[in-house]
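As structure tokens, the structure follows; a few thoughts come after it.
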């Protein structure tokens, strides 16, 4: 903080010194006694604001928190402003309405929206599908035991609904053997399981471990249900905005990749855990540790990359559910050149 103590006492000598300097032929281009030129301080660079949308505060977006707190976005002159908007379809609608620039979106939701003419494109990866686990009440040993059960999902067209349906089909149940209901995102699904309103749902950390501590069981992963462990949650952007802000998108992706790499470095474990225990995520230490073990351990579910193989898998799943007429061409749904420029 600058203090103007004894301003009057200081001003007079400064004026006198200035008069003497002028008399001696000094001017604005003069140098100090050590020979360095006097220069004005350089103003801070203006950061590019990205209005970002995601469904919930969770470990899935850990790389974003690291990017913010550890300075990766600052170094890239990015000001990321996060907005919480439950479910991918609602996020896509917000982007279409112009209130978001970039966002997290499931591949099948993006494929469905783009197939209907939505002005969005996928630009990078966030999380692999193995992060999702099917959770059921204590005593359940197989999905086949859930015949006539009520299963919870974000909504009937969400990715978790699709993976839950595929999981149950692999356990011998047909579409008429269970009832799928819209419950909401992970916190709402956990509450519905606890209240015995539903008997199964796809969950992720930290809710999976929290439910396991209460006696619930994990029956299987979404990667098995989907047939592959692919990047299902991705970074998307409004296509016209991305086209006119290509440098911003590339800088965002480069900083995000650096932040994810920072998370995977064991030397940063304590700081990484603090990102989850601090607000706005606010996990308990044991939940943060469980998320660390699940996401950054051997499973390695956080990934900034996105490939044609990831997209092909996601498109195939979308064609089984929300986008039956989708084209098989990955380039219709993603602009991978941004990621390539970011050093993928």
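Details
Here is a yes/no grid of residues against (1) closer than 11 Å to residue 237 by Cα; (2) touching a residue at least 24 places away in the same chain (Cβ under 8 Å); (3) in the same structural domain as residue 157 (by TED's automatic domain parsing):
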{"site": "93", "(1), (2), (3)": "no, no, no"}
{"site": "99", "(1), (2), (3)": "no, yes, no"}
{"site": "110", "(1), (2), (3)": "yes, yes, no"}
{"site": "117", "(1), (2), (3)": "no, no, no"}
{"site": "120", "(1), (2), (3)": "yes, yes, no"}
{"site": "138", "(1), (2), (3)": "no, yes, yes"}
{"site": "142", "(1), (2), (3)": "no, yes, yes"}
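- One residue stands out in region 144-159 among those that are under 30 Å from the mean Cα position of the chain (by Cα) and modelled with pLDDT of 95 or more: the one that is surrounded by the fewest Cβ atoms within 10 Å (Cβ to Cβ), namely 150.
- Condition check for residue 294: at pLDDT below 95, outside any helix (DSSP H, G or I) and at negative phi: no
- Per-region count, region 132-143, residues part of a loop (DSSP other than H, G, I, E, B) and buried (at least 16 other Cβ atoms within 10 Å of the Cβ): 3
- Check on residue 170, on the phi < 0 side of the Ramachandran plot, within 21 Å of the chain's Cα centre (by Cα) and surrounded by fewer than 19 Cβ atoms within 10 Å (Cβ to Cβ): no
- Selection from region 224-249 of residues that are surrounded by fewer than 20 Cβ atoms within 10 Å (Cβ to Cβ) and either free of Cβ contacts under 8 Å to residues at least 12 places away in the same chain or within 16 Å of the chain's Cα centre (by Cα) (or both): 243, 244, 247
The values are calculated or read from the model by the stated rules, or taken from the named source; none is laboratory data. The structure displayed is predicted, hence computed values, not measured ones. Every residue, glycine as well, gets a Cβ built from its backbone with ideal geometry; the counts of neighbours run over all protein chains shown.
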